[in-house]
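A short write-up of the structure that comes next.
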Amino acid sequence: MLKKILFIYVFGIVCATAQNNTSYWQQHVDYTMNVDMNVENFQYQGTQEVIYTNNSPDTLHQVFYHLYFNAFQPGSEMDIRSLNLPDPDPRVGTRISRLSPEEIGYLKVSSLTQNGKPISSRVAGTVLEVVLGTPIAPGEKATFAMSFNGQVPVQIRRSGRNNKEGVALSVTQWYPKMAEYDFEGWHTSPYIAREFHGVWGNYDVTINIDKKYVLGGTGYLQNPQEIGHGYETEGKEVKRAKKGKTLSWHFKAPNVHDFAWAADPEYLHDTVKVPNGPTLHFLYKNNAEIIDNWKDLQPKSVELMNYFSEKIGKYPYDQYSIIQGGDGGMEYAMCTLITGERNFGSLVGVTAHEMAHSWFQQILATNESKHEWMDEGFTSYISTLAMNEVMKQNNPNSLRGVYKGYYQLAISGIEQPQATQADRYSHNAAYGASAYSKGAVFLSQLGYVIGEDNLAKTIKRYFDEWKFKHPTPNDFKRVAEKVSGIQLDWYLTDWTQTTNTIDYGIKEVVDNKNTTKIILERIGLMPMPIDIYVEYTDSTIESFYIPLQMMRGEKENPIPSMKRTVLPDWPWTNPNYSLDLSKPKSEIKSIGIDITNTMADVNPSNNGYSK
């Protein structure tokens with residue numbers, strides 16, 4: 001009897017503590033940094049103060065910093081991973097393994113204190129492991145002060161010096177960055193190749209650099225009259241220091257989770273004000289071959305900013321910078337770095353994609369290491385639609401390309417579930433197609449499941465409820481459920497946590513004298529609701545809608561002008577489903593499953609019937 005009572009007691013404790021009754025919370029940081037950049041050897045010295053606020057319900061005994069530049073050294077985890085992938089990123093390849101000491105990147109912390117007292121730390125590749133002198137209790141703040149020095153590597157991936165277009169400094173992932181701690185614990189993934197996760201906070205950054213250099217990046221410039229270079233307020237006199245070889249660029253960035261910048265002595269700097277929106281800054285090389293494209297990019301960027309603000313939510317900052325630099329295109333807080341020697345369509349396209357990231361990741365800050373498809377996929381979806389409108393492509397199926405990318409992945413034999421951690425993909429190609437194409441199809445196909453109007457409402461409500469936070473896949477799913485009234489756990493599970501595919505077919509069309517029986521079959525493992533369209537010989541068309549039983553609801557008629565009949569639910573366990581038409585087979589011209597092609601059926605060849 002005593003053992004039974006003890007079991008019940010222990011079981012009750014486990015059940016009680018296993019439930020997550022903690023409301024949403026997130027940590028907060030306030031950075032103050034002062035950095036001296038040597039443009040001759042690309043090394044820099046800096047000081048950093050971080051005021052860390054522990055908003056968690058946990059007492060912290062350690063903290064971690066990311067030291068991203070340490071990845072650009074022979075023998076690093078990024079180097080070894082690239083050398084062992086069957087299809088490494090060609091921008092990386094074997095390049096890290098061949099860097100000389102003068103070409104590598106590094107980030108070294110020379111001193112670190114907590115509340116004025118030295119604390120111990122250990123470098124493990126791209127992560128600094130710190131043992132706290134005094135634990136940080138829930139609700140408490142701690143001040144960390146450090147001195148650090150670094151070297152900007154040659155341009156290999158995202159960050160670096162002297163990229164292929166001659167941009168001197170693309171400085172991203174460049175400072176000791178506090179790792180995120182959330183409801184899942186610490187996020188201390190080494191920097192190997194992929195994306196990032198950061199703590200929301202405020203940045204106060206001063207960069208001291210050769211006065212010939214023009215600089216742009218995250219934040220609002222605090223001393224434009226001292227700087228000039230097109231940053232000064234119109235009509236105000238520039239009071240730049242005449243003595244000395246350097247200028248101090250002082251930026252403040254409120255409520256962001258990263259800080260990036262770029263600099264070059266040949267940058268041209270243009271600004272354009274978006275009506276009722278931010279000021280756009282354009283920094284690009286003084287290269288006659290690209291100037292016209294960069295000038296023409298500016299009104300298109302205004303249109304893109306307006307499109308995203310309308311479709312997702314209003315851009316919340318007062319500036320956004322589009323900067324030539326880096327090795328392709330990469331998003332950062334309040335700015336992007338893109339290569340600029342492109343044809344005009346490509347230049348607008350990369351700008352559209354990176355600007356859209358200002359919403360999906362820079363404002364809706366998912367953990368990209370774990371849910372990379374939520375930022376890359378959602379961005380690919382909305383930027384594709386934006387390009388179709390802004391560039392007047394008039395493509396009725398502008399998302400066809402992302403579906404094609406997904407279909408190729410589904411039959412490739414190398415697909416892994418989207419829930420795979422970003423660095424754990426066995427092939428770069430599998431990561432790219434899963435994050436970008438399959439991620440975009442997730443949104444587009446959701447419109448098929450819940451209706452396009454509900455999808456549009458879901459995106460806006462998602463922004464309103466989760467901006468400046470760290471949403472998870474379940475958070476997005478719950479918003480879609482609340483908007484649509486449809487249960488979607490099955491959709492999120494099958495699409496993101498498995499490699500199950502969708503394949504439905506018209507198995508048989510049977511003539512029963514004055515009626516016709518249509519027998520459908522589910523061939524793939526992933527279930528879906530089904531839209532059937534029937535065209536008769538008199539040219540009339542009607543639709544039949546078969547909800548999936550697990551949805552516990554149904555979408556509105558996607559074509560209100562067309563007659564639609566809602567049929568009984570299809571339980572996912574049933575491989576076949578039959579429906580009866582009140583007309584003979586002789587009067588049926590064609591039958592089609594999902595003629596809109598928004599359901600990602602991997603084998604459309606069996607989706608139709610015609611006489």
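Numbers at a glance
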| quantity | calculated |
| --- | --- |
| Charge dipole of the chain about the Cα centre (unit charges at C-beta), most positive-ward option of 486, 118, 527 | 118 |
| Contour excess over end-to-end distance, with Cα ends at residue 513 and residue 120 and 0.36 nm allotted per residue | 132.9 nm |
| Sequence-distant aspartates and glutamates (8 or more away, or on other chains) whose Cα lies within less than 19 Å of residue 295 | 165, 264, 266, 270, 303, 341, 354 |
| Nearest-20 debye value, the stretch 479-569 charge dipole, Cβ charges on Lys, Arg, Asp, Glu | 160 debye |
| Contact order normalised by residue count of the chain, Cα under 8 Å, 6+ apart, percent | 10 percent |
| Pairs beyond 18 Å (Cα-Cα), from 517/611; 555/589; 108/252; 273/467; 585/611 | 555/589; 108/252; 273/467 |
| Within the chain: Cβ-based charge dipole about Cα centre, in debye rounded to nearest 20 (Lys, Arg +1; Asp, Glu -1) | 420 debye |
| Mean Cβ count within 10 Å, highest first, over the residues of peptides 462-472, 404-414, 250-260 | 250-260, 462-472, 404-414 |
| Burial order of peptide ranges 145-151, 297-303, 66-72, 181-187 (average beta-carbon count within 10 Å, highest first) | 66-72, 145-151, 297-303, 181-187 |
| Solvent-accessible area per residue for the chain (1.4 angstrom probe, square angstrom) | 42 Å² |
| Net lengthening on full extension, residue 43/residue 110 (0.36 nm per residue, minus Cα-Cα) | 22.7 nm |
| In nm, spacing of pseudo-spin labels at residue 83 and residue 521 (7 Å Cα→C-beta vector) | 5.1 nm |
| Angle between the chain longest axis and helix 2-18 axis [Cα atoms, degrees, rounded to 10] | 70 degrees |
| Protection proxy ranking of 322-334, 157-169, 556-568, 80-92 - average other beta-carbon atoms within 10 Å, highest first | 322-334, 157-169, 80-92, 556-568 |
| Unit charges on C-beta of K, R, D, E only; dipole of the stretch 450-500, Debye | 240 debye |
| Derived scalar couplings ³J(HN,Hα) [the stretch 519-524; Karplus, 6.51 cos²θ - 1.76 cosθ + 1.60; whole Hz; x for Gly, Pro] | 10, 9, 9, 9, 9, x |
| Among (1) -0.65, -0.76, -0.88; (2) -0.61, -0.79, -0.97; (3) -0.51, -0.65, -0.79, the entry that matches log10 I(q)/I(0) by the Debye sum over Cα atoms at q = 0.07, 0.08, 0.09 Å⁻¹ as calculated here | (3) |
| Rounded tilt (10° steps) of 439-450 against the dominant C-alpha axis of the chain | 40 degrees |
| Sulfur and carbon atoms: percent of accessible area, the stretch 272-367 [1.4 Å] | 46 percent |
| For the chain, calculated [θ]222 nm from helices alone, where every DSSP H run of n ≥ 4 adds -39500 (n - 2.57) | -7500 deg cm²/dmol |
| Crossing angle, helix 344-356 versus the chain [Cα axis fit, 0-90 degrees, rounded to tens] | 90 degrees |
| Cα-based shape type of the stretch 343-480, given that a ≥ b ≥ c are square roots of the gyration tensor eigenvalues and the cut on a/c is 1.5 | rounded |
| Positive-end residue of 197, 60, 160, charge dipole of the chain with Cβ unit charges | 60 |
| Options 48, 306, 383, ranked by Cα towards positive dipole end of the chain, top entry (Cβ charges) | 48 |
| Accessible surface of the stretch 53-132, 1.4 Å probe, proportion on carbon and sulfur as whole % | 52 percent |
| Spacing of the two label points (7 Å from each Cα toward its C-beta) at residue 393 and residue 566, in nm | 3.5 nm |
| Residue 23 accessible area, assembled protein chains, probe 1.4 Å, Å² | 90 Å² |
| By accessible area with a 1.4 Å probe, ligands and nucleic acids excluded, highest first: order of 582, 120, 76 | 582, 120, 76 |
| Accessible-area composition of the stretch 394-462, carbon plus sulfur, in percent [1.4 Å probe] | 53 percent |
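The values are calculated or read from the model by the stated rules, or taken from the named source; none is laboratory data. The structure presented is a predicted model; accordingly, all values stated were derived computationally and were not measured. Cβ coordinates were reconstructed from backbone atoms using ideal geometry, including for glycine residues, and neighbour counts include every protein chain displayed. All accessible areas refer to the heavy atoms of the entire protein, side chains included, with ligands and DNA or RNA removed. Shrake-Rupley method; radii C 1.70, N 1.55, O 1.52, S 1.80 Å.
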